[in-house]
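Just below is one structure, and these are the notes that go with it.
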Amino acid sequence: MSELMRQGGVMMWPILLITLVIAGIALWALLRIRKVKDPDAVLETGIDAVLFWGVWVIVVGLLGTFGGIYQAAGMIEQAGTLNPAIVWGGIKVALTTTLFGLLVFAVAAVVWLGLRLGYRRRVAA
């Protein structure tokens, strides 16, 4: 995990922070769903926040990728000709943030769906 954080660069820290926010909101919502009997607007907003932050983690991942590719392009421009293996190695590193962001979003979307369904079942009962 630390190698992934290092490889992804500075943008991996906001991604990690957002991941922790998603986990915290999901845990809070799960505990609150168990007690709810009537519609609760605050709880619904919290559940939707899981999906909101999931989308933001993709945005941060894309920003990291674009920043990494921009930086790599500048280095390639300065160096002139380079071995294609070095170029693709740099692009692979730049894509790490988007890949991690998409993974976190996929988990957040599944968690959001589970929380949403659980909430609706509790309120309907």
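The values are calculated or read from the model by the stated rules, or taken from the named source; none is laboratory data. Being a predicted model, the structure only gives us computed values, none of them experimental. A quick note on method: Cβ atoms are made from the backbone with ideal geometry, for glycine too, and the neighbour counts reach across all protein chains shown. To get the accessible areas, we keep the full protein, side chains included, count just its heavy atoms, and leave off ligands, DNA and RNA. Shrake-Rupley method; radii C 1.70, N 1.55, O 1.52, S 1.80 Å.
Observations on the model:
- For segment 11-47, a residue qualifies if it is open to solvent by 90 Å² or more (accessible area, probe 1.4 Å) and under 13 Å from PHE100 (Cα atoms), and the qualifying residues are TRP13, LEU17.
- Some residue of segment 77-100 being surrounded by fewer than 16 Cβ atoms within 10 Å (Cβ to Cβ) and in contact with a Leu (Cβ under 7 Å, 6 or more places away or on another chain): no
- Which listed residue, of LEU117, LEU95, is at pLDDT 95 or above and not charged (D, E, K, R): LEU117
- Filter pass, GLN7 being open to solvent by 100 Å² or more (accessible area, probe 1.4 Å) and of a type in the set (S, T, N, Q): no
- Leading residue by the ranking (farthest from ILE22 (Cα to Cα)) among those in segment 106-125 that are among the small types (Gly, Ala, Ser) and part of a helix (DSSP H, G or I): ALA124
- Members of segment 48-70 that are open to solvent by 30 Å² or more (accessible area, probe 1.4 Å) and either within 19 Å of LEU4 (Cα to Cα) or modelled with pLDDT under 80 (or both): ILE58, VAL59, LEU62, LEU63, PHE66, GLY67, ILE69
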